[in-house]
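The values are calculated or read from the model by the stated rules, or taken from the named source; none is laboratory data. These figures come from a predicted structure and were not determined experimentally. We place every Cβ from the backbone using ideal geometry, glycine too, and count neighbours over all the protein chains shown.
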Amino acid sequence: MKKILELNDIKRQFQMGTEIVRALKGVSFDVRAGEFVTIMGSSGSGKTTLLNTLGCLDKPSEGTYLLDGVNIGKLNRNELAKIRNEKIGFVFQAYNLLARTTALENVELPLFYNSAISPAIRKERAIAALEAVKLADRMHHMPNELSGGQQQRVAIARALVNEPVMILADEATGNLDSRTSYEIMSLMQELNQLQGKTIVFVTHEPDIAAFSSRTIILKDGRVVKDSFNENRRSAKDMLAALPVTEDY
């Protein structure tokens, strides 16, 4: 399968006053098309710096990062913004939806920056993305009329609408209860297994990582473990096993 991400000896250091902080100390791994990878690590492990690098929000101090064959280190600010918009679908812990904008309009947002897409096609693709996350019946609702899980689904639809090469999720279940977390992970597994989406999911929760096909663990700026999950759990099954009496 084609390599979507290629990281080779990525290092990132910051000047903090007189001190140099080495956040990443030589990180190397590949992610192939159709993989569902979780990245884990405690606070200070370099997880956030790696996430910013993968999302083209920051450039490595040393090493090479190829996203879909493009060398990110050689791009200027405008080129990085274009890559972020076209190649990556972001899903955040805090949803980051516009409050006075309907679910449909929130999902349409990334397409506003693509002048090649007409308003009619933009709307059509946004509706299709909402259908993919089973939220088409809520497309005209405002975020405050949606539950936390529904808001995260809108955020996932927004991440899908540009047909990116990778979905990059940052603690996307961090604000959700167990039931809703399983619903979101069930959706992620569906997008990965049925639609072949490549997903990189940053989390600190081992039970969430168990839903992915592979887990990379960071510690002190280095990869300390990179393993395939032999006993991958089904979020759909976990959801079905929850007692019906549990509060939503």
Self-check item: Residue selected from the stretch 188-210 under the condition in a loop (DSSP other than H, G, I, E, B) and of a type in the set (A, V, I, L, M), by the criterion modelled with the highest pLDDT
Solution: Ala210
Practice problem: Within the stretch 104-146, track down each residue that is in a loop (DSSP other than H, G, I, E, B) and either charged (D, E, K, R) or in contact (Cβ under 8 Å) with a residue 60 or more places away in the chain (or both). | Solution: Lys134
Quiz item: Can you find a residue in the stretch 78-85 that is in contact (Cβ under 8 Å) with a residue 60 or more places away in the chain, over 21 Å from Ser28 (Cα atoms) and touching a helix residue (DSSP H, G or I) at 6+ places or on another chain (Cβ under 7 Å)?
Solution: yes
Quiz item: If we keep just the residues of the stretch 6-46 that are surrounded by fewer than 21 Cβ atoms within 10 Å (Cβ to Cβ), closer than 21 Å to Lys225 by Cα and hydrophobic (A, V, I, L, M, F, W, C), which is farthest from the chain's Cα centre (by Cα)?
Solution: Phe29
Quiz item: Residues in the stretch 86-103: is at least one under 30 Å from Ile10 (Cβ atoms), assigned to a helix (DSSP H, G or I) and in contact with a Phe, Trp or Tyr (Cβ under 8 Å, 6 or more places away or on another chain)?
Solution: no
Quiz item: Are any of the residues in the stretch 164-186 of a type outside the set (Asp, Glu), modelled with pLDDT under 90 and touching a strand residue (DSSP E or B) at 6+ places or on another chain (Cβ under 6 Å)?
Solution: yes
Exercise. Could you check how many residues of the stretch 101-122 are of a type outside the set (A, V, I, L, M, F, W, C) and under 24 Å from Ile184 (Cα atoms)?
Key: 6
Self-check item: Those residues of the stretch 152-187 which are in a helix (DSSP H, G or I) and within 11 Å of Val91 (Cα to Cα), in sequence order
Solution: Gln152, Arg153, Val154, Ala155, Ile156, Ala157, Arg158, Ala159, Leu160
Exercise. Check the stretch 200-209 and report whether any residue there is closer than 20 Å to Glu131 by Cβ, surrounded by fewer than 24 Cβ atoms within 10 Å (Cβ to Cβ) and within 14 Å of the chain's Cα centre (by Cα).
Key: no
Quiz item: Val37: β-branched (Val, Ile, Thr), assigned to a strand (DSSP E or B) and either at pLDDT 95 or above or touching a Lys or Arg at 6+ places or on another chain (Cβ under 6 Å) (or both), yes or no?
Solution: yes
Exercise. Evaluate the stretch 64-83: report whether one residue or more is among the hydrophobic types (A, V, I, L, M, F, W, C), under 24 Å from Leu135 (Cβ atoms) and part of a helix (DSSP H, G or I).
Key: no
Quiz item: Out of all the residues in the stretch 195-228, which are farther than 24 Å from Phe90 by Cβ and either of a type in the set (Lys, Arg) or touching a Ser or Thr at 6+ places or on another chain (Cβ under 8 Å) (or both)?
Solution: Lys219, Asp220, Arg222, Lys225, Ser227, Phe228
